[in-house]
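One structure below.
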Amino acid sequence: MGDPIICPVCGKKAKTGSAIDCARHMFGTGDKPHRQWVDAQGLSFIDLLIEQATTPGNKSYELLAEYIEKDAQKKAAEKKG
Ligand SMILES: [Zn+2]
């Protein structure tokens, strides 16, 4: 784990570049492109947002971070060929 995670939607590096910071950034931004990316992963942006707001802990952030990491790994693998 060396490379910082870049937001798959807008290309921004969130804070430390960890996937969880990227997840926070996505929820914090919450505009249409970010919502669509989350929904395209088979998740529901709205449900995750509600869960994050109504349950203790960072479950939604952690779940989305997993998908962000997977996507970043996929892209890195594609780059290598
Ligand atoms: Zn973004």
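What follows is calculated from the coordinates using simple rules that are stated; it is not laboratory data. Just so you know, these numbers come straight off a predicted model, no measurement behind them. Cβ atoms come from the backbone with ideal geometry, glycine included; neighbour counts cover every protein chain shown.
Would you report the distance distribution of C-alpha pairs in the stretch 19-74 as whole percents per 10 angstrom bin, up to the bin with the largest distance? Spelled out per bin, shortest first, that is 26, 62, 12, 0. Return the subset of Lys32/Lys59; Lys15/Lys79; Lys12/Lys32 for which the Cα-Cα distance in this structure is over 18 Å, preserving the input order. Check vs 18 Å cut-off fails for Lys32/Lys59; Lys15/Lys79. Once backbone amide H atoms are built at 1.01 Å from N, Lys13 has Cys7 as its partners under 5 Å, excluding neighbours fewer than 5 places away on the same chain.
Ranked by the mean number of other Cβ atoms within 10 Å of their residues, highest first, the peptides 11-23, 51-63 come out as 11-23, 51-63.
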